[in-house]
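Here's the structure, in structure tokens; my notes come after.
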Amino acid sequence: MKRTAILSLSVPSVILAFAVFPLEKQKTGFHTAAELAFFYQQLPSHGITTFGTTDPESFLLIDSNILFPTAKLCSGCHGYDPNEHALVTSEGKDVNIYDDWRSTMMANSARDPFWRAKVTHEILVNPAHSTGLQDKCTSCHAPSGHYQAKLHDHKPYYLLADLYADTLGLDGVNCQMCHAQSPKQLGDLHSGQLHFDTNFLRVAYGPYEMFFAPPMHQFVGITPLYGEHILDAGLCAGCHTLITETVDLAGQYTGGTFVEQATYHEWLNSRYDDTHDNISCQGCHVPQLQDEIIISTNYQFLTPKYPFGLHELAGANTMMLKLLKENREALGITAKPEHFDSTIAATLRMLQQKTLDLTLVTGVLHGDSAHFSVKLSNKAGHKFPSGYPSRRAWIEFEVHDQAGNLLFHSGAINPDYSLAGEDANFEPHHHTINDPGQIQIYELVPGDVNGQFTNVLERGHNALKDNRLVPQGFSLSDPVYDTTQVVGAALGDPDFDLNGGSDAVHYSIPVNGYTGMLTVRAKVWYQSLPPKWMAPMFEYSSPEIDSFRVMFDAADRAPVLVAERVLDSVFVSPVKTKNIDNEGFVKIFPTLSRDGKVFLRVSAGVRVSRVQVWDVSGKLVWDKPAGDELLLPEKRGTYFISVATNQGRVVEKVVRE
């Protein structure tokens, strides 16, 4: 008999049971023997083969010693529904929680080969701190194993050796690491401190006030509860604010601290916090579908839930997701290639559609230089880039003449994915760029006690530079500004808009006597693991570093294009405005026109061959032979008029009101 038939026959008895008995009394007596037998047969299809016995009355033995079960235990109800009844949208799209989660950076945080390599790098630099370093790092990257060891087994440390042999730890940031967190101390924790609810043996908070509890009680031993805090940004604070203790180059603690990352505090210092727009981390990273979704398989009679949080957990690290996909077998990852493809696509959407707005406009286009401005406006609820300090973004700016010759190139990418012209220590923040060796790079640069760049997190003493784009609503007077500071020249840049979350960079390009069209292109790139960050680690050797080096060398390390803008057919000329009263041979008037009419007056012996007009974006809007009168477009704005004569070219700027 099919599952749907069994469940449809059982619905009347279910309703009767609810009418007579309290919900709590249904923990062990809800399902019939036939249903239990059927569920037992279905477990292998969900990859669950080791629980319980063949006795239908007790086929699932719940080990209450495990405080934080693996996500696989949740997949039987919150994974793929082969009947396509549950966890699908009204349009039939599969949105099951388990498959969306299993290919994310959160799910693979403990298997992340860069993280493992970096932990061993820190240990090799400061071996005396080995146990403390490992224990701190596993608290966020392997939290279920870490806190099982601490809260249940009462171990003083949870090390990499423990993790490698521990199914719980290898589960990364799994379901219970979020859903079992207590509403107490929400937002007050940092650096791997997580506060779990201990009122019940095992509990799972969710966003719905009405829910169907018996299956979770009986099959996995978890108590489901409504918890408003599951949608609160404070849920992310414990791991996404990390403050490290500083050591000098000899490995001695200085008594100082360094803010390695403060994504949660950046959100607090924004317009998106709970006192303003109230758009939490989950609002973007677990986006809500405005659709009614049945959230559990196996139960045809369940009421759909609305709205439904997509567990995409997309960030920005496509490079590492691709590396994980290509090394699934070596890393013991069970997620399938198509799962990674889905997560990578969601991550690209996050980067390219929800991260920033980019504009490119012209300035003065005649004289010794042509001028352009590139403006980036941050749309994220935190700094961009945010998180681990290796991550950076930069502007690539290119100018070509009408023959395709490259005239100017800032931010060019070398074959090894370093940047041409980048300063060895760190590139300063720029307000104006007039040399190809200058690059606008948005980044946090950790400095050691000697003021030199360091990628050793324990050696972080202070930020040498932090010009990352701040979120909208950012304030220097916010209570959390001490963990979200802007550092360096950006703080004094009049176009680095703190409250608006934007920055404008001005480019001055020498034209060297050139007259004609230009093509101008601005790109914003994102890079998670720059060569300068990787090189110091690769000078060391450990099994983890050596293994990751092989994966890294074979990986697609190309940066991600976040946004691009192009200006085509921009006319430039070295000829400045002529005045008929002193040296001019052509008079263009009026320079302020209300009706759009503009006239030419030429001196004796001057023959006009052609008149052209460009708008401020560089678009050609008028191109005709000689005439005494021309008509500007109806659109108000600034225009450039070029008059070609037998004695040279004259360019004049005019404005139509």
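A short reminder: the numbers here are calculations on the coordinates, not readings from a lab. Treat the numbers as computed from the prediction; the structure is a model and nothing was measured. Every residue, glycine among them, receives a Cβ derived from its backbone with ideal geometry; neighbour counts consider all protein chains shown.
Between segment 408-459 and segment 223-251, the C-alpha centres lie 29 angstrom from each other.
For the pair Glu634 and Tyr417, the difference between a 0.36 nm per residue extended length and the Cα-Cα distance amounts to 73.4 nm. Electrostatic bookkeeping for Gly421 treats Lys and Arg as +1 and Asp and Glu as -1; over the other residues with beta carbon under 9 Å from its beta carbon, the sum is -4.
Simple point charges give the picture: +1 on the Cβ of Lys and Arg, -1 on the Cβ of Asp and Glu, and for the chain a dipole about the Cα centre of about 1520 debye.
Within 15 Å, Cβ to Cβ, of Tyr208, how many net charges do the neighbouring residues add up to if Lys/Arg are +1 and Asp/Glu are -1? Net charge around Tyr208: -3. Label separation (Gln352 vs Thr167): 4.0 nm, computed from points 7 Å beyond Cα along the C-beta direction.
Computed FRET efficiency, Cβ-Cβ of Asn646 and Asn405, R0 30 Å: what is it to the nearest 0.05? Intermediate values should be presented prior to the final figure.
Working: r = 28 Å, r/R0 = 0.94.
After rounding, the FRET efficiency stands at 0.60.
Label positions at Phe538 and Glu338, each projected 7 Å from the Cα along the C-beta direction, are separated by 3.6 nm.
Over segment 576-656, what is the relative contact order in percent, taking alpha-carbon pairs closer than 8 angstrom and at least six residues apart?
Values: 172 pairs, mean separation 26.7, N = 81.
After rounding, I find 33 percent.
Rounded to two decimals, the Cα radius of gyration of segment 576-656 over 2.2 N^0.38 Å is 1.01. Mind checking the angle between helix 3-20 and the chain's longest principal axis? C-alpha axes, 0 to 90 degrees, to the nearest 10. For 3-20 against the chain, the angle is about 70 degrees.
With contacts taken as Cα pairs under 8 Å and at least 6 residues apart, segment 328-397 reaches a relative contact order of 21 percent.
Would you calculate a helix-derived [θ] at 222 nm for the chain, using -39,500 (n - 2.57) for each DSSP H run of n ≥ 4 and dividing by the full residue count, to the nearest 500? Walk me through the numbers before you get to the answer.
Numbers: 17 runs with 151 residues, N = 657.
Computed ellipticity for the chain at 222 nm equals -6500 deg cm²/dmol.
Rounded to 0.05, the FRET efficiency of the Glu209 and Asp277 pair, given R0 = 22 Å and the Cβ-Cβ distance, is 0.35. In this calculation the C-beta distance from Asn512 to Glu564 is compared with R0 = 25 Å, giving a FRET efficiency of 0.45.
Past the 26 Å Cα-Cα mark, which pairs from Lys118/Lys523; Lys322/Lys375; Lys155/Lys325; Lys72/Lys354; Lys619/Lys653; Lys305/Lys336? List each step's numbers first, then the result.
Working: Lys118/Lys523 30 Å; Lys322/Lys375 30 Å; Lys155/Lys325 34 Å; Lys72/Lys354 31 Å; Lys619/Lys653 14 Å; Lys305/Lys336 28 Å.
As for pairs spanning more than 26 Å Cα to Cα, those are Lys118/Lys523; Lys322/Lys375; Lys155/Lys325; Lys72/Lys354; Lys305/Lys336.
Between the alpha-carbon centres of segment 487-531 and segment 161-203 there is a gap of 42 Å. Report the paramagnetic label zone for Thr131: residues of segment 158-178 whose backbone N is under 20 Å from a point 7 Å from Cα along the Cα-to-Cβ axis. What the label zone holds, given the 20 Å backbone N cut-off, is 158-166. Using a simple spin-label model with pseudo-atoms 7 Å out from Cα toward Cβ, Gln288 and Tyr226 lie 1.4 nm apart. Relative contact order for the chain: 11 percent, from Cα pairs under 8 Å spaced at least 6 residues apart, divided by residue count. Of the labelled figures (1) 1.20; (2) 0.92; (3) 1.10, only one reflects Cα Rg over 2.2 N^0.38 Å as derived from the coordinates, namely (1).
Each of Thr167, Thr591, Leu331 was scored by the projection of its Cα onto the charge dipole of the chain, and the greatest displacement toward the positive side belongs to Thr591; charges sit on the C-beta of Lys, Arg, Asp and Glu.
Return, ordered by residue number, the residues of segment 182-223 whose backbone nitrogen is under 14 Å from a label point located 7 Å along Cα→Cβ of Thr303. Answer for segment 182-223: 208-213.
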